[in-house]
Amino acid sequence: MITCELLVIGAGPAGLCSAITAAKSGASVVVLERSPDIGGQLIKQTHMFFGSKEQHASTRGVDIAEILREEIARYDIKLMLDTTALGIYEDGMVTALYKEEEYMKFKPGAIIVATGACERFLAFPNNDLPGVCGAGAVQTLMNVYGIMPAKDVVMLGAGNIGLIVSYQLMQAGVNVKCILDAAPKIGGYLVHASKVARMGVPIKTSHTVKRAIGEDHLTAVEIVALDDKFNQIPGTEEIIPADTLCVSVGLTPLCELLAMAGCKLSYIPQLGGMVPLKTGEYETSVPNIFVAGDTSGVEEASAAMVEGHIAGLCAAKRLGHIPEDFDAQYSSLNRQLMALRSGPAGEHIRQGLASACLNKEA
Amino acid sequence: MFEKTGIASPEMVLEKFPPLSRINKGKVAVLECYRRIPCNPCETACPFGAIEIGEDINNMPILHADKCSGCGICLTRCPGLAIMIVDTSASEEYAELTLPYEFRPLPKKGDTVFALSRSGEFVCEALVLSALNPKSFDRTPAVRIRVPKKHLYDVRNIALIDKEG
């Protein structure tokens, strides 16, 4: 059994930032990461980030991962890669599996769960055909492993991920036939939409996939227009030859570990599904279990990093490591989050977070 | 329509351009940021204080064209690739546009390329005046092209001419 002060689960943007800030405050930190490398989704994000300079705006995600890697190395942070957290038990014990062969137990003073989110899928006929896959998977193949994932793609979903992955597919030389979205408006940032539009890719709002077509792999996609109540309009079907259909219909928080630990969860659609309730110090209903990033509400990575810093600061405080400028740090980080969320793009987040607020006394 | 297609209308585009009197004097930035999102690297990047976003990073950038030198630093820093540099001072006939272009291969000086509209349609042929990709641009190359002046407001992208047809 390994005893440690703070155990961070997940080495994505939220987990890494929480580890850095907690360690800066004086806590000794162990980070568990199921992948062979740190960075989470940052390592496949070849585009520049939005936000302001505190969140490394205008820097590419993949480079932010390197910046965080260098910072991690400067502090008392032990990284355990290829290590999947399996459970959080009533007595505060955490179990994990190293390289799918060695089980381990941890007894931490506090835990920050920063497990991120996973892609949602959509039900339609033949959605199990090879060639139908998540946009995130395609982005990983392309940007992490350098594999050209397709020749002709139909993208389903005009949120930021659908738009960005479409653009990156084109950078890799893949032909993007069109981008569909069931909603009547583009969900992602319109600057991203304009980037693909001027490459000649049509964005078809109020459209969805009717079925995937192919014998043993995808050869075409049948699309259909939707009315304002999302009903398919007969006669508007169109068959588009393609070898890949990318599904990018949103993300769902990964909060199974929190559920197992007994943290109060609530279904909050604006945050992506079931999410933990949390205090202003990012603590769940179970004392000493903190959360940060997409685990507690799907949002941009810039916000996940700031949340990580706050959770790290507050978890360290719980462990008795209180930096002299705690209040200044805490309020400055919250100001950053407010700035990121205060515009129209953050409206759903603001609504969602208002419902996820945990009142400790209640 | 913009919300459905991502293609800005000619009126929206015109509104973002500095007046012709300014463009006729030389290089100046066009900030095609049409919706409020939390983002301010253009303001941070500008060495002349010509781009103003202010306290709320969700504000849309305002260009103070009198302070803008057309240096193009903002063009390479904008995460939305929403900035280009325009200039009609060089000749009576042509406008020069500098566009971010993150594709390979990069065109070379002297090449002829297709100039494309905001919807990716062919507008005209264009001569490449330069294609710069120094380290400081951080992998967002800037391609300067020359197009007939009448297409100043229409061109926003390029495509290389496939020599094999």
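Bear in mind that the values in this text are calculations on the coordinates, not laboratory data. Note that the structure is a prediction, hence the values are computed from the model and not measured. Glycine gets a Cβ as well: all are built from the backbone with ideal geometry, and neighbour counts include every protein chain shown.
Points worth noting:
- Two-decimal Rg to Rh for the protein assembly as shown - Kirkwood Rh, Cα set: 0.99
- Highest-fluctuation residue, A:D91, A:D181, A:D63 considered, GNM on chain A with Cα pairs under 10 Å: A:D91
- Once the Cα atoms are used to define both axes, helix A:301-318 deviates from the longest principal axis of chain A by about 20 degrees.
- Positive-pole candidate from A:A73, B:V147, A:N126, dipole of the protein assembly as shown, charges at beta carbon: B:V147
- Given charges at Cβ of Lys, Arg, Asp, Glu: chain A dipole, positive-most of A:P36, A:G320, A:L86: A:G320
- For the stretch B:139-156, Karplus couplings with θ = phi - 60° (6.51, -1.76, 1.60), whole Hz, Gly/Pro x: 6, 10, x, 10, 10, 9, 10, 10, 10, x, 4, 5, 9, 3, 8, 9, 8, 9
- Antiparallel content of DSSP bridges confined to the protein assembly as shown, in %, to 5: 65
- Label point 7 Å beyond Cα of B:R36 along Cβ direction - residues of the stretch A:158-200 with amide nitrogen under 17 Å: A:189-191
- Loop sites in the stretch B:96-165: trypsin sites (Lys or Arg not before Pro), DSSP, at most 13 other Cβ within 10 Å: B:K108, B:K109, B:R139, B:K163
- In range of the label at A:E101: residues from the stretch A:31-47 whose backbone nitrogen is under 18 Å from the point 7 Å along Cα→Cβ: A:34-37
- The alpha carbon centroids of the stretch A:53-108 and the stretch A:191-232 are separated by 37 Å.
- Residue ranges A:46-57, A:341-352 sort as A:46-57, A:341-352 when ordered by packing (mean number of other C-beta atoms within 10 Å per residue, highest first).
- Low-density loop cleavage sites - GluC sites (Glu not before Pro) in the stretch A:70-175, where at most 12 other Cβ are within 10 Å (DSSP): A:E90, A:E100, A:E101
- Contact order normalised by residue count of chain A, Cα under 8 Å, 6+ apart, percent: 20
- Over the protein assembly as shown: helical MRE at 222 nm, DSSP H runs n ≥ 4 each giving -39500 (n - 2.57), nearest 500: -7000 deg cm²/dmol
- Counting only other chain Cβ atoms within 10 Å of each residue's Cβ, the peptide B:39-49 averages 4.
- Fraction of beta bridges assigned by DSSP in the stretch A:121-247 that are antiparallel (%, nearest 5): 40
- Loop trypsin sites (Lys or Arg not before Pro), the stretch A:81-176 (other Cβ atoms within 10 Å of the site Cβ: 16 or fewer; DSSP): A:K99, A:R120, A:K151
- Highest-fluctuation residue, B:G80, B:G72, B:G26 considered, GNM on chain B with Cα pairs under 10 Å: B:G80
- Annotation for B:H64 and A:C357: the two label points, set 7 Å from Cα along the Cα-Cβ direction, are 3.8 nm apart.
- Distance from the stretch A:255-330 to the stretch A:113-171 (C-alpha centre basis), Å: 28
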